[in-house]
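Single-structure report; data block below.
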Amino acid sequence: MTATRRFDVSDSGIEAAAWLMRNGEVVAFPTETVYGLGADASSPAGIERIYEAKGRPRHNPLIIHVSDLEMARRMAHFNPEAELAAASFWPGPLTLLLPKREDAGLATAVTAGMKNVAIRFPSSSVAQRLIRAVGFPVAAPSANRSGKVTSTRFAEVARQLDGRISGIVEEDTCDHGLESTILSLVGSPTILRHGSVTREALEALLGPIEEDSAPQKVSAPGQLKSHYAPEAAVRMNVDRPSGNMVWVGFGPDCEGCQFTLSSSGDLHEAARNLYTVMSEADASAGPNDVIAFAPIPLTGLGWAINDRLRRAAAPRPAGVHQEFWWR
């Protein structure tokens, strides 16, 4: 195993991390959503190391992260709807799936050989500085092992990936706490994954938007049915715990809950806390315990939270150790 270096967010730390990425290595770094596991998107070796470090299936494509809109336009064909969405929500937690330019220069494995590419312009200043230092888009799925909870804090990234990647940029600034919304603008506008940019906000800008809730095949990151799962089994919409449940509450009616996503019922707070609380509940669960989540309303960010809980609660392959479940 390789020794994993730690980098601070000074100019020298960012440049040292970027140097590794320019040379085919993988470095975890914070964004405003979750920690990303980044490599130069033009480097076949770097992209292969992402898949190896995560244990990620090769048919599951990656999001590329850019430092400005012009860099994005060099990677994909922007139609008027894409320009409007970018003007309204970038930089920020919205990923656009667009037709890839033939001369983009991306490693084939970034898009899993598909003709479209998922692009995001993060608002995190650390992420922007790192991408500029690399000088090319950075491919970055969430910084966690496949089959493990997504990481929003440095300590969790280190726990899962220490010795498996070349470096980690240290800064706990993942304010949103959920992965980005993925919006396909290849054909009719379609939400492929709910995230911090809500459906209501997108429809206010673009009009009616479809939702691909049961894709026949993976066309973008974050579409696998079983995903974001802790070791313990997960149940949703539990009003009152029973038996061997570790109960995670939501809102003021939380008598008997061991953890809560938000005692005030604030969906933004719940989104920020989701993965941290899921990890803490998992650590406290016994061998036969179940993590039970109180109902989360299906409105605004509640769609994204319920999406993650549904995937965490999805049936898991029998006879396969969770560390190797594809996510």
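Would you check if ALA127 is within 19 Å of VAL9 (Cα to Cα), touching a helix residue (DSSP H, G or I) at 6+ places or on another chain (Cβ under 7 Å), modelled with pLDDT of 95 or more and assigned by the TED database to the domain that holds ALA39? Taking the combined requirement at face value, the residue does not satisfy it.
Yes or no, residue by residue, for (1) in a strand (DSSP E or B); (2) outside the structural domain of ARG22 (by the TED database); (3) more than 16 Å from the chain's Cα centre (by Cα):
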| site | (1), (2), (3) |
| --- | --- |
| THR152 | no, no, no |
| ALA155 | no, no, yes |
| ARG159 | no, no, yes |
| ILE168 | yes, no, yes |
| THR173 | no, no, no |
| GLY177 | no, no, no |
| LEU183 | yes, no, no |
| GLY187 | no, no, yes |
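Check whether at least one residue in the range 136-143 is hydrophobic (A, V, I, L, M, F, W, C), in contact with a strand residue (DSSP E or B) (Cβ under 9 Å, 6 or more places away or on another chain), open to solvent by 30 Å² or more (accessible area, probe 1.4 Å) and assigned to a loop (DSSP other than H, G, I, E, B), and report yes or no. Within the range 136-143 (the criterion being hydrophobic (A, V, I, L, M, F, W, C), in contact with a strand residue (DSSP E or B) (Cβ under 9 Å, 6 or more places away or on another chain), open to solvent by 30 Å² or more (accessible area, probe 1.4 Å) and assigned to a loop (DSSP other than H, G, I, E, B)), the answer is yes, since at least one residue qualifies. When the range 274-303 is filtered for residues that are over 22 Å from GLN160 (Cβ atoms) and either small (Gly, Ala, Ser) or in contact with a Ser or Thr (Cβ under 8 Å, 6 or more places away or on another chain) (or both), the ones remaining, listed by number, are ALA292, ALA294, GLY300, LEU301, GLY302, TRP303.
Restricting attention to the range 110-138, the residues that are touching a Ser or Thr at 6+ places or on another chain (Cβ under 8 Å) and among the β-branched types (Val, Ile, Thr) total 4.
Quickly run through the range 93-108 and pick out the residues that are of a type outside the set (A, V, I, L, M) and in contact with a helix residue (DSSP H, G or I) (Cβ under 9 Å, 6 or more places away or on another chain). Please lay out each step first, then the result.
So the first thing to find is which residues in the range 93-108 are of a type outside the set (A, V, I, L, M), and the list is 93, 95, 99-103, 105, 108.
If the condition is that a residue be of a type outside the set (A, V, I, L, M) and in contact with a helix residue (DSSP H, G or I) (Cβ under 9 Å, 6 or more places away or on another chain), then LYS100, ARG101, ASP103, GLY105, THR108 are the ones that fit.
The set of residues in the range 232-250 being outside any loop (DSSP other than H, G, I, E, B) and of a type in the set (D, E, K, R) consists of ARG235 alone. Being open to solvent by 50 Å² or more (accessible area, probe 1.4 Å) and either at pLDDT 95 or above or outside the structural domain of GLY92 (by the TED database) (or both): is that true of ASN237 here? So ASN237 passes the test.
The values are calculated or read from the model by the stated rules, or taken from the named source; none is laboratory data. The shown structure was predicted, so the numbers you read here are calculated from the model rather than taken from an experiment. Positions of Cβ are backbone-derived with ideal geometry, glycine not excepted, and every protein chain shown enters the neighbour counts. Just the protein is used for accessible areas: all its heavy atoms, side chains included, with ligands, DNA and RNA removed. Shrake-Rupley method; radii C 1.70, N 1.55, O 1.52, S 1.80 Å.
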